[in-house]
Amino acid sequence: MNKRGDLLLFNVRNASVTRVFPSDDLVKTYLENRDTVARYLPIPQTLRVGDRVVSEVLVSGKNGFSVGTESKLLLWRKFLAAYEDLSTAATNDAGLIIAELRAEISELQPHHGPLQSTEKMLSTLNSSWRTFAMHGDLSGNNVVVDGNSFVVIDYDDVARHPFFFDVILFTLRDDVLRSMLRRGMFDEDLKRLADAAGADFSSDHLQSWINYVVLRLAADRCRATFEELESALKATRERLVPNDPGL
């Protein structure tokens, strides 16, 4: 089973994977999410859609984390190009998304008052960022690479985010790419992404992008208590920006 509870059945003979969903609504959501991602990124071919069942081609290739640096950079630039195109037509409505994030965090700490660290990070977020629906969980684990081609899998976390979210998330989750980001090697590329979205770019702007990614993932990791928020925020920082609080 995957993290949402769907049953996954792998058929090596006909190279397919079949997802069995517990409800019709989840099938509909999965297909809608799949269509959203397919608008700008390659995905596996659908073989059959039936009663609470979706069969897709079982893709062969390497996990995106396991390919060499040259292949990772090629992959990164393909993602960047796709998100540049999307950013030009995105809408300036990050204010609502940021307000929802702030509300989620506030609900977790009503009796303690806001964490100083979360308030400082929230204060850097920009309500004028352009947003659009995107994959939401982009990492090497959700990319299958075969030579110069690739497909993206896992559409459980498709949601509306600021234009930079998937690109920065993918970068921070990979040790090699994160190191290159830290050394400013992607600054020109990210400035081009910002330009496409009608936004400014500098080291401070990059920090605000990272703050949004860290806060969003930390809030998603916990749904109950203030202590869990502290723990999730610490764990997310350590995973995405280890030993580098000033990135």
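Pairs spanning more than 26 Å between alpha-carbon atoms, out of K120/K191; K78/K191; K62/K191: K62/K191.
Placing R0 at 22 angstrom, the Cβ-Cβ distance between V57 and N141 gives a FRET efficiency of 0.75 after rounding to 0.05.
Work through the residues other than A197 whose Cβ is under 9 Å from its Cβ and net out their charges, Lys, Arg +1 and Asp, Glu -1.
-1
Net charge of the neighbourhood of D93, taken over other residues with C-beta under 9 Å away and scored Lys/Arg +1, Asp/Glu -1, is +2. Distance between the modelled labels on E188 and Y40, one decimal in nanometres: 2.3 nm (7 Å Cα→Cβ projection). The listed peptides 146-153, 74-81, ordered by packing as a protection proxy, come out as 74-81, 146-153 (highest mean of other Cβ atoms within 10 Å first). With each label modelled as a point 7 angstrom along the Cα→C-beta vector, the D157-F10 pair spans 2.1 nm.
Scaled against the 2.2 N^0.38 Å expected of a compact globular protein of N residues, the Cα radius of gyration of region 7-57 reads 1.13. With the Cα gyration tensor of region 1-93 giving a ≥ b ≥ c as the square roots of its eigenvalues, does the rule (a/c under 1.5 for rounded; else a/b larger than b/c for prolate; else oblate) give rounded, prolate or oblate? The shape class here is oblate.
Each reported figure results from applying straightforward, stated rules to the coordinates on display, with no laboratory input. Computed from a predicted model, the values in this text were never measured in an experiment. For neighbour counting, all protein chains shown are included, and Cβ atoms are generated from backbone atoms with ideal geometry for every residue, glycine included.
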